[in-house]
Amino acid sequence: VDIAKIIGGGTPDTNVPLFWNGNINWFTPTEVGKKKYLSESKRTITNEGLMRSSAKLLPKGTILLSTRATIGETSIIRAESTTNQGFQNLVVSDSNDIEFVYYLISAMRKELLRRSSGSTFMEISKKEIAKIQCSIPILEEQQKIGLCLSSIDLKINQMDKKKEEVI
């Protein structure tokens, strides 16, 4: 059973101003992995840029997975967005929990790196990602695990903020 649909990204022609500075988020790998959730990107594209490139509009809740140069960085989008070609994004199926899959992918980072190749920079393909096999619990268990790990992350973030206030 597929955990998620894998969708790559794309970049509109940077020499066509009509494609840029619109209202559609367009993420690059440098923006992903620092925060669990992302609401807005540094750069945006227009509908024309979306239509005239290989960029795909990803639904809210998609897990952005960087797959080029920096491999395995992940974030979850809070709004419809697009990415450049440095991603293979995961639209999680309804029979799986987004939070659980987010943590699962994070835990599989070494496997992603192991399956990567390239001479100029490392990259993992959609085909290689699709080959990865893993056993996962039923949805109810996934939700419990995802909730538990999310609450731990929240506590860690709170502790980090307190530590910064002291320093």
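The values are calculated or read from the model by the stated rules, or taken from the named source; none is laboratory data. This structure is a prediction, so every number in the text was calculated from the model and none was measured. Note that each Cβ is placed from the backbone with ideal geometry, even for glycine, and that neighbours are counted across all protein chains shown. Heavy atoms of the whole protein, side chains included, go into the accessibility calculation; ligands, DNA and RNA do not. Shrake-Rupley method; radii C 1.70, N 1.55, O 1.52, S 1.80 Å.
Data overview
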item	result
Among (1) touching a Ser or Thr at 6+ places or on another chain (Cβ under 6 Å); (2) within 21 Å of Gly61 (Cα to Cα), the one test that Ile124 misses	(2)
Enumerated strands (runs of 3 or more DSSP E) restricted to the range 22-87, each holding at least 3 residues that are among the hydrophobic types (A, V, I, L, M, F, W, C)	63-68, 70-77
Inter-residue pairs, beta-carbon under 9 Å, first within 30 Å of Leu149 (Cβ to Cβ) and in the range 107-125, second part of a loop (DSSP other than H, G, I, E, B) and of a type in the set (D, E, K, R), 6+ apart	Ile124/Arg115; Ser125/Arg115
Cβ-Cβ under 8 Å pairs, at least 6 apart or on other chains, the range 90-105 side in contact (Cβ under 8 Å) with a residue 60 or more places away in the chain and more than 19 Å from Leu57 (Cβ to Cβ), far side open to solvent by 40 Å² or more (accessible area, probe 1.4 Å) and not in a loop (DSSP other than H, G, I, E, B)	Ser95/Leu139; Asn96/Leu139
Filtered residues of the range 70-95 (kept if of a type outside the set (Val, Ile, Thr) and open to solvent by less than 20 Å² (accessible area, probe 1.4 Å))	Gly72, Ser75, Ser81, Gly86, Phe87, Asn89, Leu90
Odd one out for Thr44 among (1) open to solvent by 20 Å² or more (accessible area, probe 1.4 Å); (2) among the hydroxyl-bearing types (Ser, Thr, Tyr); (3) within 25 Å of Ser93 (Cβ to Cβ)	(3)
Lys56, sole failed condition from (1) crowded, with 19+ Cβ neighbours inside 10 Å; (2) under 15 Å from Gly9 (Cα atoms); (3) touching a strand residue (DSSP E or B) at 6+ places or on another chain (Cβ under 6 Å)	(1)
Residue in the range 1-21 that is most open to solvent (accessible area, probe 1.4 Å), counting only those that are assigned to a strand (DSSP E or B) and in contact (Cβ under 8 Å) with a residue 60 or more places away in the chain	Lys5
Options Asp153, Asp160: the member that is free of Cβ contacts under 8 Å to residues at least 24 places away in the same chain, farther than 17 Å from Arg68 by Cα and assigned to a helix (DSSP H, G or I)	Asp160
Any chance Ser106 is under 19 Å from the mean Cα position of the chain (by Cα), among the hydroxyl-bearing types (Ser, Thr, Tyr), part of a helix (DSSP H, G or I) and surrounded by 15 or more Cβ atoms within 10 Å (Cβ to Cβ)	yes
Residues being farther than 14 Å from Ser66 by Cα and not in a helix (DSSP H, G or I) - total across the range 118-143	10
